[in-house]
Every structure is written in C-alpha cells, then in structure tokens.
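Colleague: This is the structure I want to talk about, given as structure tokens.
The values are calculated or read from the model by the stated rules, or taken from the named source; none is laboratory data. These figures come from a predicted structure and were not determined experimentally. Cβ coordinates were reconstructed from backbone atoms using ideal geometry, including for glycine residues, and neighbour counts include every protein chain displayed.
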Amino acid sequence: MNLRLALIALCTIGVIAGHWLAFDFAPIEARMGVIQKIFYFHVPSAMACYAGFIACCVGSLAYLWSRKGRWDALALAGAELGLIFGLIVLVTGPLWARPAWGVWWKWEPRLTSMALLVLMFAAYWVLHTFGGAGEGVRRFAAALAVFATPNIYFVHVAVEKWKGMHPELEDKAGSGLSPDMRIAFFVSMAALMLLFALLFEQRYRMHLHARLVGALRRRIHRLGGDV
Amino acid sequence: MTRGHRIAALTLCAFGGMAAAALAQEPLEPVRQFAAAEAALEEMKYRHLWLAYGAIWLLLMALVVRTAKRQAALANDLQALSSRVEEMERTHD
C-alpha cells in the first residue's frame, strides 16, 4: 500500500473519529449548548486557512526570487485551499454567532480582519486565474500575496489587541476546554490538517501537470502541429 | 480501479462513518428523560447546524472528486502530448 493511500485512510479515520468525539464524546458546553460543537470544525478550518495562505506567501516569495513555475503552482494551490477553508470559517462563524450573539454578523475586529484577509486572497486568485498567462500578471499576483499574508497576524491578535467579542480558545486565567473537549478538538484539528495537506498536494500536482500540458502544446505549435 | 475511484470510495466511507456515528447515539437513561427532551428540543433548534455541516462536507467532497477528475484528464493529456511531441521530433530529424 503506498503512502498516499495510507494517509487518505488515516485522514478518513481521523475525520470520522473527530466527528464522533465532537458530537458524542465531548460534553455539551454549559452556556452555549449544542451550537458550541461548531467550534471543533471552525477553529481547525481557520488553522487550515492560515496554512494555505502562508504556503501561498512562501510559494510567491520563492517564485519572485527564482521565477520557477513550480513555486507559482505551489502558491496557487495554497491560495485556493486557504480560500476554501476561509469561506468555511466565514460560514460556520455566523452559524454560531446567530444563537450566541443574536446576530449573524458583527463588524468586530476578528471578523472584519478575517473577511479582509479572505478578500485579499480572493483578489490574488481572481488575478491569477483570469489575468491571462503573462508572467507580469503572475509576478503582480505573487507580490499581492506577499503583502496580504501579514494580515494573518492581525487576525490572530485582533481579540487581544482590540478587545473584540470573538471568544478565545483559552483565557489568561487558564480556563478553557475541559479534558474531553481538548481530546475532541485536537483529533479534529489533526484530521483537518491532514485533509488540508492531502488536498494541497493534489492541487499542487494538478497545477504542475496543467503547466506541463501547456508547455507541450506550445512545443507542438512551434513544431508546426495543431493543438 | 482508478485513483479517482479509490478517493471517491474512501470519501463515501467517511460519509457513511459519520452518519453511523450520528445514528449510534446511546439511549439515555429513564431518570434523564427531562434532560433528554430538552436536548432534543435544542437539537431541533440547531437543525441548520447539521445542514451546514453536511453542506461543508459535500463541498469538500466535490472539491476532492473534481480535482481527481481534472488530474486524471491532465495525466491523459500529458501522456498523449508527450508521445506526439516525440513523434513530431522524430519526423523533424
């Protein structure tokens, strides 16, 4: 059995275990009730979103430095997954906020900075995907990703710095998750990060192959053939 | 069985497992009937939560299947184009 299949199997088991632990094993939170269960999916999605955007930044920096297409493919794969997980965060957040705060959305620091972060990478993706095949567009998109990434820091410290309403995982007094909740949370986190890694590798390989197909088509065209 | 089929089968297994885990909730003891009724009411209140979970997993599954399909199509294209380039280069020489 190859490593990839083993990782897919591990991820599947992790996702099932994560759901069982979150919904059946972890206790129902006293103040928020069942709706708190979304936290086991919301927070790991946010981490996967950060990981995608950081991968996009690393790929973009390396692309600007080396001009090698494989780094651009890596950056694009990171941005796509960051966007998908970012959208999951922006959908699951309001689902929790409605019963907890009484409103779907509040313009508080964490939510606003997260929405801005996702919009910046959406701009990267739109530019990269629809901006044409020129290298100038790719360089511009890469620079945009490099400038958008530090916003992750502002999203992360928003609650502490600007005293928003968004709950924190642990407060300074040390209260937070009960041991059972902690197990469910870390299993969910590991499963979702593994899912992210598998999807990232799959998307990266797909973009690399797409570039190779493009290069071969251009070569056939140069040799006088129809493509 | 192609890689895409294997990935789709494993993802379906994940869905099956999640559904089984959700259905396999242990029955509550009689002394906790009142609490159980309250919990059931609360669960009904948060039906949209389960729907959202389902929709998100469907979205992720669609992404996996779509990427696998595109990847398979690209692998085919790559093979066909490589052999065509080789053939053209041979005739050029």
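Colleague: Just to check your reading of the model, which residue among A:52, A:69 is within 14 Å of another protein chain (Cβ to nearest Cβ) and touching a helix residue (DSSP H, G or I) at 6+ places or on another chain (Cβ under 9 Å)?
Modeller: Numbers: A:69 fails: within 14 Å of another protein chain (Cβ to nearest Cβ).
Result of the check over A:52, A:69: A:52.
Colleague: For residue A:9, only one of the following conditions fails: (1) farther than 15 Å from residue B:53 by Cβ; (2) within 9 Å of chain B (Cβ to nearest Cβ); (3) surrounded by 21 or more Cβ atoms within 10 Å (Cβ to Cβ); (4) not aromatic (Phe, Trp, Tyr). What is its number?
Modeller: (3)
Colleague: Right, here's the next one. Can you spot a residue in segment A:170-179 that is under 27 Å from residue A:44 (Cα atoms), in a helix (DSSP H, G or I) and without any contact (Cβ under 8 Å) to a residue 40 or more places away in the chain?
Modeller: Narrowing segment A:170-179 to residues under 27 Å from residue A:44 (Cα atoms): A:170-179.
Then drop every residue that is not in a helix (DSSP H, G or I), which leaves A:179.
Keeping just the survivors that are without any contact (Cβ under 8 Å) to a residue 40 or more places away in the chain gives A:179.
Looking through segment A:170-179, at least one residue is under 27 Å from residue A:44 (Cα atoms), in a helix (DSSP H, G or I) and without any contact (Cβ under 8 Å) to a residue 40 or more places away in the chain.
Colleague: Something else: Mind checking which residues of segment A:85-104 are hydrophobic (A, V, I, L, M, F, W, C) and touching a residue at least 40 places away in the same chain (Cβ under 8 Å)?
Modeller: Taking segment A:85-104 as the starting set, the residues that turn out to be hydrophobic (A, V, I, L, M, F, W, C) are A:85, A:87-91, A:95-97, A:100-101, A:103-104.
If the condition is that a residue be hydrophobic (A, V, I, L, M, F, W, C) and touching a residue at least 40 places away in the same chain (Cβ under 8 Å), then A:85, A:88, A:89, A:95, A:96, A:100, A:101 are the ones that fit.
Colleague: Can you tell which of B:58, B:10, B:49, B:41 is more than 8 Å from chain A (Cβ to nearest Cβ) and either modelled with pLDDT under 85 or not in a helix (DSSP H, G or I) (or both)? Working first, answer last.
Modeller: Values: B:58 fails: either modelled with pLDDT under 85 or not in a helix (DSSP H, G or I) (or both); B:10 fails: more than 8 Å from chain A (Cβ to nearest Cβ); B:49 fails: more than 8 Å from chain A (Cβ to nearest Cβ).
Of B:58, B:10, B:49, B:41, the one residue that is more than 8 Å from chain A (Cβ to nearest Cβ) and either modelled with pLDDT under 85 or not in a helix (DSSP H, G or I) (or both) is B:41.
Colleague: For segment A:12-51, which positions are closer than 17 Å to residue B:53 by Cα and surrounded by fewer than 15 Cβ atoms within 10 Å (Cβ to Cβ)?
Modeller: Across segment A:12-51, the qualifying residue is only A:24.
Colleague: Name the one entry in A:193, A:189, A:165 that is part of a loop (DSSP other than H, G, I, E, B) and in contact (Cβ under 8 Å) with a residue 12 or more places away in the chain.
Modeller: On the way: A:193 fails: part of a loop (DSSP other than H, G, I, E, B); A:189 fails: part of a loop (DSSP other than H, G, I, E, B).
When all the criteria are applied, what remains is A:165.
Colleague: Now a separate question. So which pairs qualify, if the first residue must be in segment B:76-93 and facing another protein chain (nearest Cβ under 9 Å) and farther than 12 Å from residue A:220 by Cβ, the second must be of a type outside the set (S, T, N, Q) and surrounded by 12 or more Cβ atoms within 10 Å (Cβ to Cβ), the Cβ gap must be under 7 Å, and the two must be at least 6 apart or on different chains?
Modeller: Once the first residue is facing another protein chain (nearest Cβ under 9 Å) and farther than 12 Å from residue A:220 by Cβ and sits in segment B:76-93, its partners that are of a type outside the set (S, T, N, Q) and surrounded by 12 or more Cβ atoms within 10 Å (Cβ to Cβ) give B:78/A:209; B:78/A:212; B:78/A:213.
Colleague: For residues that are within 16 Å of residue B:70 (Cβ to Cβ) and more than 7 Å from chain B (Cβ to nearest Cβ), scanning just segment A:208-227, find the one that is farthest from the chain's Cα centre (by Cα).
Modeller: Across segment A:208-227, the extreme among qualifying residues is A:214.
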